[in-house]
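Engineer: Please read through the structure below; I'll follow up with questions.
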Amino acid sequence: QLEQRIARYHDLSGTTTAFVDSRLPGGQKQNFKLVAAGKGVFENPDMRPAIAAAHNINMSWVLIPPGGGSNLHDHPGSGAELFIPVDGPLTIYWGETGEQETVLQQFDCVSIPEGLMRGFRNDSDRAVLMLAIVDGGASGGGSVRWHPSVLERAAKTGVYLDANGKLAQQASPQ
């Protein structure tokens, strides 16, 4: 039935804990997973796409508060990732240490190739909504590979990725 393939924005329930960088400065965001390829591009084992039917892309609305965003990462085996800010500017940065950056304006689109470390940041004074799309790639799914510094900083908050690449939490932060 087609009704099972409709995700109405006002009915979506997002999560602020989709990824290991959620507690880090610059990692705050709310993810609303729309569709997923394979196992999907998220680390929270409780997260499910709004449309359960199989797809060859991963697509999410991302609501980014001022100062929030995503720390350096890439998506091995997933092909390109696209960022499209819907209602405001968004800073995109890339490179091994995030040394390059540009500002996307409303409705601009960037296609970041697989293997390139990237992140995004909301430098404005209000929340910005972005559409994020990750190609399912040859593997038919997707995963996140974080810059080692992100994983080190996340571990200090008590959050890490388990052997399956899913979020786990230590009993008490280090």
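Engineer: Can you give the relative contact order of the range 3-96 as a percent, counting alpha carbon pairs under 8 Å and 6+ residues apart?
Structural biologist: 28 percent
Engineer: Where the accessible area of the range 28-156 is counted over protein heavy atoms with a 1.4 Å probe, how much of it, in %, is carbon and sulfur?
Structural biologist: Result for the range 28-156: 57 percent of the exposed heavy-atom area is carbon or sulfur.
Engineer: Where Lys and Arg each count +1 and Asp and Glu each count -1, what net charge lies around GLY95 among other residues with Cβ under 12 Å from its Cβ?
Structural biologist: Net charge in that neighbourhood comes out at -3.
Engineer: Among GLN30, TRP146, VAL134, pick out the residue whose Cα is farthest towards the positive end of the charge dipole of the chain, where Lys and Arg carry +1 and Asp and Glu carry -1 on C-beta, about the Cα centre.
Structural biologist: Farthest towards the positive pole: GLN30.
Engineer: Here is a follow-up. Using DSSP to call loops (not H, G, I, E or B), can you name the chymotrypsin sites (Phe, Trp or Tyr not before Pro) in the range 79-151 whose Cβ has at most 12 other Cβ atoms within 10 angstrom?
Structural biologist: PHE107
Engineer: Related question: Identify the trypsin sites (Lys or Arg not before Pro) of the range 68-174 meeting these criteria: DSSP loop state and at most 13 other C-beta atoms within 10 Å of the C-beta.
Structural biologist: ARG126
Engineer: For the range 66-174, with every protein chain kept in place, what is the accessible area per residue (1.4 Å probe, Å²)?
Structural biologist: 47 Å²
Engineer: Subtracting the Cα-Cα distance from 0.36 nm times the residue separation, let me have the gained length for LEU116 to THR15 in nm, one decimal.
Structural biologist: Length difference between fully extended and current span is 33.8 nm.
Engineer: Run down the lysines and flag those whose C-alpha is under 19 Å from the C-alpha of LYS29, throwing out any fewer than 8 positions away in its chain.
Structural biologist: Partners within reach: LYS166.
Engineer: Right, another one. Need one number: the % of Cα-Cα pairs in the range 1-64 sitting beyond the 18 Å mark.
Structural biologist: That fraction is 35 percent.
Engineer: Based on the Kirkwood radius over alpha-carbon pairs, what is the Stokes-Einstein translational diffusion coefficient of the chain at 4 °C with 1.567 mPa s viscosity, in µm²/s?
Structural biologist: D, rounded to a whole number, is 80 µm²/s.
Engineer: Shifting gears a bit: State the volume of the convex hull built on the alpha-carbon positions of the range 97-159, expressed per residue in Å³ and rounded to an integer.
Structural biologist: Dividing the Cα hull volume of the range 97-159 by its residues yields 146 Å³.
Engineer: A further question on this structure: Could you work out the relative contact order of the range 37-157? I mean the mean sequence separation of Cα pairs under 8 Å and 6+ apart, divided by the number of residues, in percent.
Structural biologist: Taking the mean separation of contacting Cα pairs over the length of the range 37-157, I get 40 percent.
Engineer: Looking at the range 28-131, what % of the alpha carbon pairs are farther apart than 25 Å?
Structural biologist: Beyond 25 Å sits 16 percent of the P(r) for the range 28-131.
Engineer: In the chain, once you exclude exposed GluC sites (Glu not before Pro) (DSSP loop, at most 13 other Cβ within 10 angstrom), what's the longest stretch remaining?
Structural biologist: The longest uninterrupted stretch comes out as 1-95.
The values are calculated or read from the model by the stated rules, or taken from the named source; none is laboratory data. Bear in mind the structure is a predicted one, so any value in this text is a computation, not a measurement. Neighbour counts run over all protein chains shown; Cβ positions are idealised from the backbone, glycine included. Just the protein is used for accessible areas: all its heavy atoms, side chains included, with ligands, DNA and RNA removed. Shrake-Rupley method; radii C 1.70, N 1.55, O 1.52, S 1.80 Å.
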